[in-house]
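So the structure is just underneath, and the comments pick up after that.
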Amino acid sequence: MKTFKIILVKELKSMIRDPKIIIAMIIVPLILTGIMYAVMIGFMGQVAREAEKKGGLLVLVDMDHGNWTNTVRELLRENGYRLINASSLDEARRILGSSNALGALVIPSGFSENLSSLKPAHISVYTVIRSISILSFTRSSKVLEAVSTLSRNLTLIVTTRHGLPRGFVEKPVDARLAILLKNKLLETRDVEAVIGGLITTVIIIPILVMILSGFIAQLSATSMAVEKEEKMLETLLSLPLSRTQLIAAKITAAAIIGFLGVLVYGGLYIWFFSSLTTVGSSTNTSVVTAGISALYSIIGPYTITGLFIALIGLVLFILGLAILLSLFVEDVRSAQIVSGYIVFPLAILVFISIFIDPASMNESTRLLVAAIPMINVGLIIPYGFIGDYSSIIVAVASSLVYAGIVIWFTGRVVSTEKVFTMRLFKKKWRLRHR
Amino acid sequence: MLSTDYPVIVKDLEKVYPGNVHALKGISFSVRRGEIYGLIGPNGAGKTTTLRIIATILEPTRGDALVESYSVVEEPDRVRRVISYLPEDAGAYKYLTGLEFLYFIAGFYTDDQDRMDEMVREAARISGLGDRLRDKIKTYSKGMLRRLLIAKTLMVNPRVAILDEPTSGLDVINATKVRRIIKKYAEEKGVTVLLSSHNMLEVEYLCDRVGIIHEGRIIAEGPPRKLVEEYNAENLEEVFTKLVGEELV
Ligand SMILES: Nc1ncnc2c1ncn2[C@@H]1O[C@H](COP(=O)(O)OP(=O)(O)OP(=O)(O)O)[C@@H](O)[C@H]1O
Ligand SMILES: [Mg+2]
């Protein structure tokens with residue numbers, strides 16, 4: 001373990017002292033997240049405020065001239081809308097074009113008559129989309145909201161006049177929701193929040209893994225290229241040291257720094273997304289937590305353990321690949337490009353796993369898919385959910401096998417002269433003149 | 001030829017690089033214990049290739065080299081324990097200090113802290129870098145870096161020191177310093193030194209014997225003075241031009 005210790009200490013010292021790494025690991029993520037946060041929070045806040053703001057300007061075209069239209073006017077004013085009257089649809093369109101009105105309401109003739117004789121009536125709604133932006137969509141939805149509030153108010157007025165109880169009218173049938181998560185019963189009013197919680201749990205893992213492996217791939221690829229760039233590789237290879245320990249130490253150092261990076265990035269992103277949801281809507285976090293703990297109780301500790309082991313395998317696999325490729329490049333920059341080449345396709349594989357529904361496949365297909373690198377790790381939770389433990393075993397085992405193959409192969413290459421004579425990007429060999 | 005008298009024995013070394021570059025075409029020579037042996041020759045002659053094979057960086061296509069009777073083909077791990085190698089184009093970790101770098105290297109040769117301290121003290125003496133050893137290597141000049149690297153190579157007191165162009169890229173003063181260091185160290189410790197150079201003056205000053213290497217073959221061998229006499233020349237440089245000139249014409 002002597003080689004391992006010496007190399008590890010050297011790696012950590014060099015990485016911590018290298019300003020490039022500090023910048024890449026801490027300052028850049030902080031700045032990026034900060035900017036994203038400021039922009040998104042500012043924007044979402046504005047959308048939320050806009051949506052909360054009651055009222056606005058509406059154009060009203062009255063073709064009915066009946067007694068109920070006045071009630072409509074009063075109700076709209078009570079709800080904070082300002083009204084401009086127009087005598088025709090054409091005039092309404094002119095006004096919409098020249099003002100910042102939210103939209104136009106057209107009350108057709110016969111409206112009052114219908115309501116008085118207890119027949120359903122309708123109002124035509126014209127909304128304006130002035131630009132393709134979330135803000136503009138929020139404004140259109142406010143017009144519809146104006147009408148639905150109006151409709152509720154009118155119902156109340158009509159029904160109370162005819163002596164029906166208020167509560168009954170407001171909600172004749174109330175839905176009490178419960179989710180059957182496999183065989184666990186989860187009572188909730190907010191189905192969307194629970195499903196959102198589940199999907200987030202399933203998606204967040206691949207995302208964090210990709211960030212982590214991207215980091216470590218960069219670091220480990222760089223750490224081999226640094227030996228070449230600092231012109232130490234030849235010296236290193238002539239020293240009495242164990243080459244397997246050399247590789248292991250480099251992987252460990254990259255993993256340590258990489259995990260620190262993920263803590264920084266991961267922490268920032270979790271904080272970032274959680275603050276987005278609290279601004280955007282009033283998601284009930286306890287429901288999400290309930291969803292997650294229900295999920296955990298279904299998939300059970302075996303799946304979680306399996307996932308953990310498979311993740312280790314996946315990280316080692318990416319690391320091994322990164323080091324293997326970086327052996328054949330000449331400098332740090334090409335090493336980073338090369339590690340990008342491997343991380344992106346692998347990231348795509350992980351994301352494919354999000355769209356695969358294991359429940360719709362038969363058993364042999366599931367086993368087969370469980371042996372595809374990267375996808376296998378992404379599918380462990382879905383497999384655990386449907387209780388397909390043999391596929392989980394295949395997924396965990398295959399992720400470890402791939403890692404083993406890559407690391408073994410890398411070790412083989414490092415102990416031959418190929419490190420020295422092979423180039424990934426061939427340069428024409430020229431006589432060196434001094 | 002006894003390997004107790006000859007720590008380095010090179011036998012019919014051939015090297016073909018990928019792309020069918022025939023860099024070595026059968027090189028044989030032996031280095032006596034305690035002597036400084038120089039490989040000299042023009043650019044591309046095959047000096048670095050030869051030294052890399054002896055230092056176990058490259059594998060020979062044919063032939064073998066024995067270092068302290070260990071074969072570089074069969075037992076490279078054992079060879080690495082008795083040599084210390086300074087590559088032609090070596091660097092050092094720029095974010096470490098000189099001292100940290102020296103301890104880093106020493107750690108591979110011994111577990112004993114006292115022995116390590118001793119090596120590093122020795123390196124400080126050899127390099128003459130003094131307090132600058134406490135600074136990061138990225139602040140060193142080329143000459144300082146080369147002296148640090150010479151020191152790291154010699155401080156471990158190897159059985160065989162392999163130095164590829166030890167004075168390359170140095171000015172006259174630094175080159176002279178480095179030559180003195182090597183000569184003095186080899187005399188004091190009786191270390192066997194195998195070096196390469198294309199500076200004939202350097203070789204005449206330093207080496208007990210030289211091998212002139214040209215296009216992958218050794219075309220002459222012997223003590224510098226004897227070669228000069230043999231070829232009826234003023235100095236090694238003339239010997240060299242005579243030899244190569246004859247071949248080229
Ligand atoms: N990695 C390599 N791949 C292919 N050919 C190589 C490689 N390294 C060296 N060569 C070729 O092998 C021959 C010998 O090169 P070598 O570096 O041993 O020469 P040298 O005597 O050290 O020269 P110099 O004085 O320039 O350092 C040259 O023709 C060179 O082009
Ligand atoms: Mg050379």
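The values are calculated or read from the model by the stated rules, or taken from the named source; none is laboratory data. As the structure is a computational prediction, the values presented were derived from the model and not from experiment. Every residue, glycine as well, gets a Cβ built from its backbone with ideal geometry; the counts of neighbours run over all protein chains shown.
Residue check: is A:Asp64 at pLDDT 80 or above and touching a Pro at 6+ places or on another chain (Cβ under 9 Å)? Quick ask: steps written out before the conclusion?
Numbers: at pLDDT 80 or above: yes; touching a Pro at 6+ places or on another chain (Cβ under 9 Å): yes.
It is true that A:Asp64 is at pLDDT 80 or above and touching a Pro at 6+ places or on another chain (Cβ under 9 Å).
With the checklist (1) of a type outside the set (A, V, I, L, M, F, W, C); (2) facing chain A (nearest Cβ under 10 Å); (3) buried (at least 20 other Cβ atoms within 10 Å of the Cβ) in hand, flag the one item B:Ser127 doesn't pass.
Unmet for B:Ser127, out of (1) of a type outside the set (A, V, I, L, M, F, W, C); (2) facing chain A (nearest Cβ under 10 Å); (3) buried (at least 20 other Cβ atoms within 10 Å of the Cβ): (2).
Answer yes or no as to whether B:Gly63 is over 28 Å from A:Glu11 (Cβ atoms) and in contact (Cβ under 8 Å) with a residue 12 or more places away in the chain. Write out each step before concluding.
Numbers: over 28 Å from A:Glu11 (Cβ atoms): yes; in contact (Cβ under 8 Å) with a residue 12 or more places away in the chain: yes.
So B:Gly63 passes the test.
Quick check, is A:Ala347 touching a residue at least 12 places away in the same chain (Cβ under 8 Å) and either small (Gly, Ala, Ser) or under 30 Å from A:Val419 (Cα atoms) (or both)?
Details: touching a residue at least 12 places away in the same chain (Cβ under 8 Å): yes; either small (Gly, Ala, Ser) or under 30 Å from A:Val419 (Cα atoms) (or both): yes.
Taking the combined requirement at face value, the residue satisfies it.
Do the conditions hold for B:Gly41, that is, is it touching a residue at least 24 places away in the same chain (Cβ under 8 Å) and near ligand 1 (Cβ under 10 Å from one of its atoms)?
Working: touching a residue at least 24 places away in the same chain (Cβ under 8 Å): yes; near ligand 1 (Cβ under 10 Å from one of its atoms): yes.
The answer is yes for B:Gly41.
Kindly provide the set of residues from segment B:159-172 that are in contact (Cβ under 8 Å) with a residue 24 or more places away in the chain and either under 12 Å from the mean Cα position of the chain (by Cα) or over 22 Å from B:Ile9 (Cα atoms) (or both), ordered by number.
Once the filter is applied, which keeps residues that are in contact (Cβ under 8 Å) with a residue 24 or more places away in the chain and either under 12 Å from the mean Cα position of the chain (by Cα) or over 22 Å from B:Ile9 (Cα atoms) (or both), segment B:159-172 yields B:Val160, B:Ala161, B:Ile162, B:Leu163, B:Asp164, B:Glu165, B:Pro166, B:Thr167, B:Ser168, B:Gly169, B:Leu170, B:Asp171.
At least 1 residues that are away from every other protein chain (no Cβ under 13 Å), more than 16 Å from ligand 2 (Cβ to nearest atom) and surrounded by 20 or more Cβ atoms within 10 Å (Cβ to Cβ) in each: list the helices (runs of 4 or more DSSP H) lying fully within segment B:1-120 that qualify.
By residue number, B:98-109.
Tally the residues that are assigned to a helix (DSSP H, G or I) and more than 7 Å from every other protein chain (Cβ to nearest Cβ), restricting the search to segment A:222-247.
The total comes to 15.
Inspect all residues belonging to segment B:140-157 and state whether any of them is within 16 Å of ligand 2 (Cβ to nearest atom), of a type outside the set (Phe, Trp, Tyr), within 14 Å of chain A (Cβ to nearest Cβ) and under 19 Å from B:Ile9 (Cα atoms).
No.
Given (1) within 16 Å of ligand 1 (Cβ to nearest atom); (2) more than 14 Å from chain A (Cβ to nearest Cβ), where does B:Val191 come up short, assuming only one miss?
Of the numbered conditions (1) within 16 Å of ligand 1 (Cβ to nearest atom); (2) more than 14 Å from chain A (Cβ to nearest Cβ), the odd one out for B:Val191 is (1).
Out of the residues in segment B:201-249 that are in contact (Cβ under 8 Å) with a residue 40 or more places away in the chain and of a type in the set (Gly, Ala, Ser), which is farthest from B:Pro42 (Cα to Cα)?
Per the stated criteria, the residue is B:Gly211.
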